[in-house]
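Single-structure report; data block below.
Every read-out reported here was derived from the displayed coordinates using simple, explicitly stated rules and does not represent laboratory data. Bear in mind the structure is a predicted one, so any value in this text is a computation, not a measurement. So basically every Cβ, Gly included, is an ideal-geometry build from the backbone, and we count neighbours across all protein chains shown.
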Amino acid sequence: MQIKAIIHPAEEGGYWAEVPAIEGCITEGDTIEEVISNLKDAIEGWLEVANETNH
């Protein structure tokens with residue numbers, strides 16, 4: 001599955017990212033690699049919670 005994310009430079013340094021298709025799914029990291037890894041965790045966590053609340 002491919003999910004589009006937008007990565008932004010953070011004012012205080014590092015990066016933050018959002019997933020426009022998943023409301024409230026955001027994360028941050030010090031490097032691009034870290035923010036991408038954190039994005040994977042954030043998406044998985046968001047989907048797990050959404051799945052639990054729908055059952």
Legend entry - Mean Cβ count within 10 Å, highest first, over the residues of peptides 26-33, 45-52: 26-33, 45-52
Legend entry - Label point distance in nm, Ile36-Met1, each placed 7 Å from Cα along Cα→Cβ: 2.0
Inset, instruction - Would you mind checking the tilt of helix 32-53 against the longest principal axis of the Cα atoms of the chain, expressed as 0 to 90 degrees and rounded to 10? - result: 20
Inset, instruction - Run the dipole for the chain about the Cα centre, Lys and Arg Cβ at +1, Asp and Glu Cβ at -1, nothing else charged, and hand back the magnitude in debye, nearest 20. - result: 280
Inset, instruction - Provide the packing ranking of 2-8, 37-43, 17-23, i.e. peptides ordered by the mean count of other C-beta atoms within 10 Å per residue, highest first. - result: 37-43, 17-23, 2-8
Inset, instruction - Return the distance in nm (one decimal) between the two label points of a simple spin-label model at Glu12 and Ala50, each offset 7 Å from Cα along Cα→Cβ. - result: 2.8
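Would you work out the Kirkwood radius for the stretch 1-47? I mean one over the mean of 1/r across all pairs of different Cα atoms, in Å. Don't skip to the answer; put the middle values down first.
Working: mean 1/r = 0.0953 Å⁻¹.
So the Kirkwood estimate lands at 10.5 Å.
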